[in-house]
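Read through the structure below, which is laid out as structure tokens, and then see the notes.
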Amino acid sequence: MYIDKIEEEIKKVHRRVPKWLRNGGTQINSIILRKYLQLHEEGKPISRERLKNECEKFVNFDGNFNQMVNFGEKNHAKVFHIIGYRIYLWKPVSEFILNEYNRKG
């Protein structure tokens, strides 16, 4: 059952992330992902606080970010994984997201 949830989440990411990267950044989840990818290019560790500060002008960062970290039927799509204080792209979709970003971003 857990494997089914992972597969469903991966499919959701494949459906949604290309739209997020194409849409010009009007959705909060799109903005959060783009900002993360920009920071990722710098090669420095990215903490939740750092990403939140970069996105501070957006309402409800925490709620939207949480929807991008957790599994759930109604989440945005799981794209991030947190280990300690650092945010990483979720391993099963990290290569896909980076390829989409480099192609469209």
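The values are calculated or read from the model by the stated rules, or taken from the named source; none is laboratory data. Not measured: the values here are computed from a predicted model. We place every Cβ from the backbone using ideal geometry, glycine too, and count neighbours over all the protein chains shown. The protein model used for the area step is the full one, side chains on, heavy atoms only, and it has no ligands, DNA or RNA in it. Shrake-Rupley method; radii C 1.70, N 1.55, O 1.52, S 1.80 Å.
Just give me the residues in the range 16-37 being open to solvent by 20 Å² or more (accessible area, probe 1.4 Å), assigned to a helix (DSSP H, G or I) and without any contact (Cβ under 8 Å) to a residue 12 or more places away in the chain, in sequence order.
The one that is open to solvent by 20 Å² or more (accessible area, probe 1.4 Å), assigned to a helix (DSSP H, G or I) and without any contact (Cβ under 8 Å) to a residue 12 or more places away in the chain: Lys19.
When you check Leu37 against the structure, is it of a type in the set (A, V, I, L, M, F, W, C) and modelled with pLDDT under 90, yes or no?
no
Within the range 73-105, which residues are in a loop (DSSP other than H, G, I, E, B) and either on the phi < 0 side of the Ramachandran plot or loosely packed, with under 14 Cβ neighbours inside 10 Å (or both)?
First, the residues of the range 73-105 that are in a loop (DSSP other than H, G, I, E, B): 73-79, 84-85, 90, 105.
Selection gives Glu73, Lys74, Asn75, His76, Lys78, Val79, Gly84, Tyr85, Trp90, Gly105.
Determine which member of the set Glu56, Glu49 is open to solvent by 80 Å² or more (accessible area, probe 1.4 Å), farther than 14 Å from Val79 by Cβ and outside any helix (DSSP H, G or I). Break it down stepwise before answering.
On the way: Glu49 fails: outside any helix (DSSP H, G or I).
Exactly one residue qualifies, and that residue is Glu56.
Cβ-Cβ distance below 6 Å, separation of 6 or more or different chains: which pairs start in the range 42-53 with a residue that is among the β-branched types (Val, Ile, Thr) and end on one that is open to solvent by less than 70 Å² (accessible area, probe 1.4 Å) and not in a helix (DSSP H, G or I)?
Ile46/Ile87
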